[in-house]
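Heads up, the thing below is written out as structure tokens.
Coordinate-derived values only; no laboratory data. Computed from a predicted structure; not experimentally measured. Positions of Cβ are generated from backbone atoms using ideal geometry, with glycine treated the same way; all protein chains shown enter the neighbour counts.
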Amino acid sequence: MSQLPNFTQSLTQLIACPSISSTQESWDQGNLKVIQLLATWFEQLGFSIDIQKVPNIHKGGEKKYNLLAKLGEGEGGLLLAGHSDTVPFDDSRWQSDPMKVVDKDDKFFGLGTCDMKGFFAFILQACKGLNAKQLKKPLYILATADEETTMAGARFFVQNQIAKPDVAIIGEPTNLVPVVMHKGHMSHRISVQGQSGHSSKPHLGVNAIEIIYQVIGALMQLKEQFNLHYKNEAFDVPAPTLNMGAIKGGDNANRICGHCELDIDLRSLPGMKDEELLYWLTEALQPLAEKYPGRIHFEELHPSSPSFEQDKCASEKSCFVSIAEEISGHRCCAVNYATEAPFIQQLGCQTIVLGPGSIDQAHQPNEFLAHSEVEKTNMLLVKMIQKYCL
């Protein structure tokens with residue numbers, strides 16, 4: 001058996017394996033190298049390994065894989081889960097090579113150190129010395145594909161239902177604060193088909209930009225309706241949000257714009273269904289659709305991610321949320337971003353989001369994981385494994 005790497009070595013090797021997921025084909029990469037690296041390590045620790053090819057939902061995209069490692073037998077147990085992919089990066093804004101770990105100023109810099117390859121380096125260290133014969137319930141390690149875009153890996157995993165843990169931890173960066181609630185996410189493109197023509201004769205064309213201007217006005221009113229009628233004070237942004245993130249249209253100043261597109265994202269509160277948001281969106285645009293028949297269309301950019309909420313159990317003694325609060329030393333909270341938690345929750349297990357690092361570092365140049373997280377995270381994982389597997 002080859003010697004397993006220590007924390008810094010395993011983190012360095014994981015970051016060196018590129019695994020960017022992106023809806024832009026030029027950026028999108030496979031994740032097999034990361035999956036194979038994790039498989040090699042956990043196999044040496046006695047885990048059984050199951051690598052699953054995830055159905056390709058990117059047209060022409062790279063092949064993607066999930067990894068499920070299992071130690072021990074029986075039902076229930078603990079699932080430690082995370083995603084193996086990272087976001088794209090702007091090399092010009094990084095002060096170091098994003099694919100190499102730089103240990104500086106009591107921080108580990110590198111793409112994925114925080115979000116969230118670093119979590120697997122922690123898991124590896126916490127699992128050293130575990131004996132499968134001592135486990136009363138199994139320990140599962142799940143590494144998924146494509147969380148940063150479609151969450152295809154998590155969707156595919158829960159369809160197969162090949163693990164039935166009692167509890168699950170999604171190791172996204174939460175500063176080791178248990179997250180028990182987050183918003184959902186959906187993205188749509190609103191397209192306006194106008195009629196191009198010479199700018200000197202506007203009456204002979206239909207300017208798509210002018211219609212989009214009215215669409216934006218209707219969406220601004222919808223945002224106000226969200227703020228007035230929907231609130232959940234557990235969130236620091238208590239209302240559902242609607243963001244107008246990208247717009248493009250037209251090709252020249254002296255031409256009537258014949259086509260314009262606006263990309264939006266909506267983040268729903270727990271308890272709100274996709275159908276409800278789509279109803280509000282349709283209602284907001286209906287007067288304009290009647291005013292400009294056949295010219296306004298909207299389509300889903302990628303499958304939506306549901307909101308998430310983990311309730312406390314009737315019994316405090318067996319409640320995962322209470323135990324996570326006790327072990328972490330933090331009260332649970334709600335966050336505005338989306339994770340794989342609502343999919344993992346479909347396995348029938350109590351689920352929380354809890355991991356090292358700050359979400360403020362995620363998706364940023366010079367992403368880092370602070371040294372101060374190492375001992376605390378290792379201790380937390382060891383205690384969770386002891387509680388639910390030993």
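What to note about this one:
- Exposure proxy ranking for V167, V87, based on other Cβ atoms within 10 angstrom of each Cβ and starting from the fewest, stands as V87, V167.
- Around the Cα centre of the chain, unit charges on the Cβ atoms of Lys, Arg, Asp and Glu (plus for the first two, minus for the last two) sum to a dipole of about 600 debye.
- Where only alpha carbons of the range 185-305 are counted, the Rg and the Dmax (Å): 16.1, 54
- Here is the P(r) of the range 31-95: all C-alpha pair distances, binned every 5 Å from 0, give 4, 13, 20, 20, 15, 12, 9, 5, 2, 1, 0 in whole percents.
- Lys/Arg +1, Asp/Glu -1 at C-beta; the chain dipole; positive extreme among G250, L269, Q9: Q9
- Across the alpha-carbon atoms of the chain, the computed radius of gyration and Dmax are 23.3, 82 angstrom.
- Cβ-defined net charge surrounding V335, 10 Å radius [Lys, Arg +1; Asp, Glu -1]: -1
- Neighbourhood charge, 12 Å Cβ-Cβ cut-off, centred on Q29 and excluding it, Lys, Arg +1 and Asp, Glu -1: -3
- Shown in residue order for the range 3-8 are the 3J(HN,Hα) couplings computed by the Karplus curve 6.51 cos²θ - 1.76 cosθ + 1.60 at θ = phi - 60°: 5, 6, x, 7, 4, 4 Hz (x for Gly and Pro).
- Among residues other than A152 with Cβ under 9 Å from its Cβ, the summed charge is 0 (Lys and Arg +1, Asp and Glu -1).
- Placed amide H near C257: partners under 5 Å, 5+ positions off or other chain: A208, I209
- Sorted by Cβ neighbour density within 10 Å, fewest at the top, the residues K64, K223: K223, K64
- Exposure proxy ranking, count of Cβ atoms within 10 Å, fewest first, for S21, S322: S322, S21
- Ordering I190, F226, P293 by the projection of their Cα atoms onto the charge dipole of the range 185-305, which places +1 on the Cβ of Lys and Arg and -1 on the Cβ of Asp and Glu, puts P293 at the extreme positive end.
- For the chain, the list of Cys residues with no other Cys C-beta under 4.7 Å reads C17, C114, C127, C257, C260, C332, C333, C349, C389.
- Sorted on the mean count of surrounding Cβ atoms within 10 Å across their residues, most packed first, peptides 291-299, 233-241 read 233-241, 291-299.
- Peptides 193-202, 374-383 ranked from most to least packed give 374-383, 193-202, packing being the mean of other C-beta atoms within 10 angstrom over each peptide's residues.
- When both bridge partners sit in the chain, DSSP labels roughly 70% of those beta bridges antiparallel.
- Charged-residue dipole, Cβ positions (Lys, Arg, Asp, Glu), the range 234-320 about Cα centre, Debye nearest 20: 200 debye
- Relative contact order (%) - criterion: Cα under 8 Å, at least six apart; region: the chain: 23 percent
- Dipole of the chain computed with +1 at Lys/Arg Cβ and -1 at Asp/Glu Cβ about the Cα centre; of T377, Q310, Q52, farthest Cα towards the positive end is Q52.
- Compactness of the range 80-224, taken as the C-alpha radius of gyration over 2.2 N^0.38 Å, stands at 1.64.
- Annotation: peptides 146-153, 105-112, ranked by per-residue average of other Cβ atoms within 10 Å with the highest first, follow the order 146-153, 105-112.
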